[in-house]
Each structure stands twice: as structure tokens, then as C-alpha cells.
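What follows is a set of notes on a single structure, which appears directly below.
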Amino acid sequence: MSTQPDVTPEAAPAQDARNATFEQTQLTAADGHRIPVYLWKPPGAPRGLIHICHGMAEHGQRYARLARYLNEHHLLVVAHDHRGHGQQTPVDELGHYADEDGWDKVTADVGIVQGWIHQSWPTLPCYLMGHSMGSFIAQGYLTRNPEPPLLAGLILSGSNRDKRVQLAALRTILRIVRLFKGPHATSPTVHKLTFGAFARSVETPRTRFDWLSHDEGAVYDYIADPYCGFDCTNQLWSDLAYGLTALLRRDTLQRVPADLPILIISGAEDPVGEFGQGPRRLAQAYRDTGHSDVTCIVFQGMRHEPFNEKQRAEAEETLIAWLTRHR
């Protein structure tokens, strides 16, 4: 059973998405970086648009199944690959944003995609959705952009609000490993404290990625994907820790429009979100900074990826109900 508010959606009837179309394009960032962009278009006229920011060590096309489901509900879906992720990234550059200003660049890329979206579909309500690392990047974009395009809502999946002491300790470790190993290296110590700790949260794991989902098929698909599961560089972790630290500040969250509807969803067995505690802290932080429409839902029996779980239908239906209420 999930912890969620009572909702009575009046959603449009689902349509057959077999005639939906998939397209790819590229956009160019200010520094010349090419941003791969993926589009899943419903067969009829879309009634809304969701822009997905994927998580760490995965890529935008991994959301194809969710996109097809959203197509059935008259939604156009856009996803892009972050720097250091996806099929167009050389193998030796996977897990690395940039040598300098990585957080600035990866959040600015969201703005490039958002600008293109609002220019291409100016009348569609647009929702920004971030999963895991993508949830932090989405928030980073909103807090660093003085005039973001108008959004109909923000959706944060598999997110967290880190504790200051733990984040400060991680940043200290990252400074040390960068000093001795270099920014392009990966650190067994950092892995042990992050992905290793996530893996250890499962009592009898079949694989080191069981913490993602109870669905064995989804886990094995992740493991089999050559563009998933790689280690990230000391520099990327440093960039991310920098962004996470900024998000802990009250004045940072106040830059997110106070009337922007926010949906936070997580699994009660998600180690990234400290088993439901982190998402609840995040929701409260937004409420404490004057945000008037914040919904936090923690699904029982789910791990890090609600939309790849065995009972994913519960997460999907919850998302559609929330979207229907916020059109």
C-alpha cells in the first residue's frame, strides 16, 4: 500500500500507442556540446508534454516503456542524455560531465532543451521530470535559471535531501581522491560509499543492482545495457556534490517558483532516498520555503525505480492522476 492523497482523476480515455512515433534529434549547447534528444509522440494531438532528465549511469532511451505508456494518455515525451551518458558518448568519457564547470554545463543543457520544447510546442503544458541524479539536475536548472520557461509542474522520482554532515564528509573524501588519483579516475572508496552501500541494502541480492527494483527483468536489462551501470569519475561526483550542497540552502529552493506544483515519488525500500526519509525531508523543505502545492508519495514494496517495479502500474496511475489534476 502507498502513502498517497485521495484523488479522483478525470483523465481522458487511454488510446492505443502502437501508432506512436519515435524520433531523435540533437541540440547544441553554448560550448558546442551536442545534446542527444529523444521524442515519443502520441498518435493523436498531445495534451501535454513531459521532459525527462534521467539518472546516473543510465540514459534517456531507457525511458521508452514509460514514454509509450504516457503516449497512451495523450502525452508527448522528451528525454535527453546528460553529458557523460548515452550512446553518443565515447566509452572513455562515460561518467564524466566536463573537466571544468560540470554542474553549470549539465544544468544549462536542460535549459537548452527546455527552450527548444517551448519554442516547438508553445501551447502545451510542460512538466519537468527528473529521476535520481536527474531530479537534482532538474532542481539545479530551476534554481540557477533566472527566467525559466513556464512549467506546469515538477516531478521528482527517486530523489533525496541529503544531510549536511554526510554531504560535507563526501566532499572532503572527493577532494582527497581527486588530489591523489586525479579528476578523471574513479574511486573505489566513493563507489563503496554510494553504489556499494545501495547494493548492501538488499539482504539477499542476486546482483549488485538489485537495489534498483524488485523486477528481475528490469534489473537484468540494466546490467545488459552497455550504457548503464558504469562508474563515474571523481570530477562528476565532485560536480554533483557541489550541486547537492547548493540545494540544501533555503534561498536556493526559494528560486523555484512558489506556485509550481511539485510531485515527489519514491520507494519505501529505496536506499538513495534513505528508505522514504529523504523524499519526505525534501517535500518539507519545499513547504517550508513557501511552496503551496507539494505532494510526496512513498510507495511500499518499491525500491529506487518506481516506474520499473513489478507493481509499476501503481506508480503510473498515480502520475497520471496527478497530471490530470494539474493541467
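From the set of residues in the stretch 283-307 that are among the small types (Gly, Ala, Ser) and closer than 26 Å to GLU58 by Cα, which is surrounded by the most Cβ atoms within 10 Å (Cβ to Cβ)? Applying the filter and picking the extreme gives ALA283. Filtering the stretch 100-138 to residues that are assigned to a helix (DSSP H, G or I) and among the hydrophobic types (A, V, I, L, M, F, W, C) leaves TRP103, VAL106, ALA108, VAL110, ILE112, VAL113, TRP116, ILE117, MET133, PHE136, ILE137, ALA138.
Of the residues ALA315, ALA283, which is free of Cβ contacts under 8 Å to residues at least 40 places away in the same chain and under 17 Å from the mean Cα position of the chain (by Cα)?
One residue alone meets the criteria, ALA283.
Among what's in the stretch 67-99 and is assigned to a helix (DSSP H, G or I) and of a type in the set (A, V, I, L, M, F, W, C), pick the residue that is farthest from the chain's Cα centre (by Cα). Out of the qualifying residues, it is VAL91. Among the residues of the stretch 61-82, just one is touching a Gly at 6+ places or on another chain (Cβ under 7 Å) and surrounded by fewer than 22 Cβ atoms within 10 Å (Cβ to Cβ), namely HIS74.
So which of ILE223, ILE265 is in contact with a Pro (Cβ under 9 Å, 6 or more places away or on another chain) and outside any loop (DSSP other than H, G, I, E, B)?
Numbers: ILE223 fails: in contact with a Pro (Cβ under 9 Å, 6 or more places away or on another chain).
Checking each option against the conditions leaves just ILE265.
Tell me, which residue of the stretch 39-60 that is of a type outside the set (A, V, I, L, M, F, W, C), under 14 Å from MET129 (Cα atoms) and touching a helix residue (DSSP H, G or I) at 6+ places or on another chain (Cβ under 8 Å) is surrounded by the most Cβ atoms within 10 Å (Cβ to Cβ)? Checking each candidate, the answer is GLY55.
Coordinate-derived values only; no laboratory data. If you're wondering where the values come from, they're calculated on a predicted model, not measured in any experiment. Cβ: placed from backbone, ideal geometry, glycine included. Neighbour counts: every protein chain shown.
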